[in-house]
Structures are given as C-alpha cells and as structure tokens.
Amino acid sequence: VFYARSTDGGRRFSAPMRLGRAEARAGRPAVLARGSQVWLAWKSFDGQRSTVFVQRSRDGGRRWAAPQARLSSAGYSDHPLLSWRGDEPMLSWLTHDEGLRLQHLRSTP
C-alpha cells in the first residue's frame, strides 16, 4: 500500500510512499485531511495479530511523522476508519474481541 499526493487536481503525483513494512502485509488504508493536516491509518497483520498504525503530516503530506502502532487485536477485525469530531481527528476500529474502539488522535506527533 502506498500514499502519493497531488496539488494539481491529479495531473501529477509525488513519489509514492510505502505504508508500513513490505513484509507486514499492510492493507485497508484510510486518509483524513483538513487544511494542512493529513492523517493516514492502515492495518497490518504479522501472522498472529492485526495492528492499526497511524501517521500524521502537518504540512499537507510533504513530510510525515514516524508511524505509530495505536491498536492491536488477535481476533477478527474490520477496517480502520478516520473521521473528525469537531476539530479533533478520531480513529475507529471494530474488533470481534474488543468491540468498537474509538481513539482520539491528538496525542500523535
């Protein structure tokens, strides 16, 4: 899974950026943007556990903070979702074992 940005309506794109490690089977990406804030979330599976990672850009997707593992589950899980609650970015993830999990992302660098 890769991320690329366009500032000209899709005529040209930045170099693609891989989400997660190639061997970690990243999938189910989500993007959330408002102003210069861009958030990415994706799910990786290591053979035993699924983990949701998030990554933040404060400059419209030019530079990115390091990815952070935010939630993990050994059971069945849905796709991670990103949304706004007012001005606050939120991560939502439904798992069989833990149920619906909502997390404020304000603490992500």
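For the chain, the relative contact order comes to 17 percent (Cα pairs under 8 Å, sequence separation of at least 6). Take the Cβ atoms of Arg49 and Arg11, set R0 to 41 Å, and the FRET efficiency comes out at 0.50. Seen through its C-alpha gyration tensor, with square-root eigenvalues sorted a ≥ b ≥ c, segment 59-109 comes out prolate because a/c lies at 1.5 or above while a/b is bigger than b/c. Rolling a 1.4 Å probe across the protein heavy atoms gives the chain an accessible surface of 60 Å² per residue.
Remark: spin-label model distance Asp97-Ala24 equals 1.8 nm, labels positioned 7 Å along the Cα→Cβ axis.
Ignoring ligands, DNA and RNA, please state the percent of accessible area on the chain from carbon and sulfur, probe 1.4 Å. Display every interim value, and only then the final one.
Working: 3270 of 6570 Å².
In the chain, the share of accessible area belonging to carbon and sulfur is 50 percent.
The values are calculated or read from the model by the stated rules, or taken from the named source; none is laboratory data. From a predicted model like this one, the values you see are computed outputs, not experimental measurements. Cβ: placed from backbone, ideal geometry, glycine included. Neighbour counts: every protein chain shown. Side chains are part of the model used for accessible areas, which takes the heavy atoms of the whole protein and leaves out ligands, DNA and RNA. Shrake-Rupley method; radii C 1.70, N 1.55, O 1.52, S 1.80 Å.
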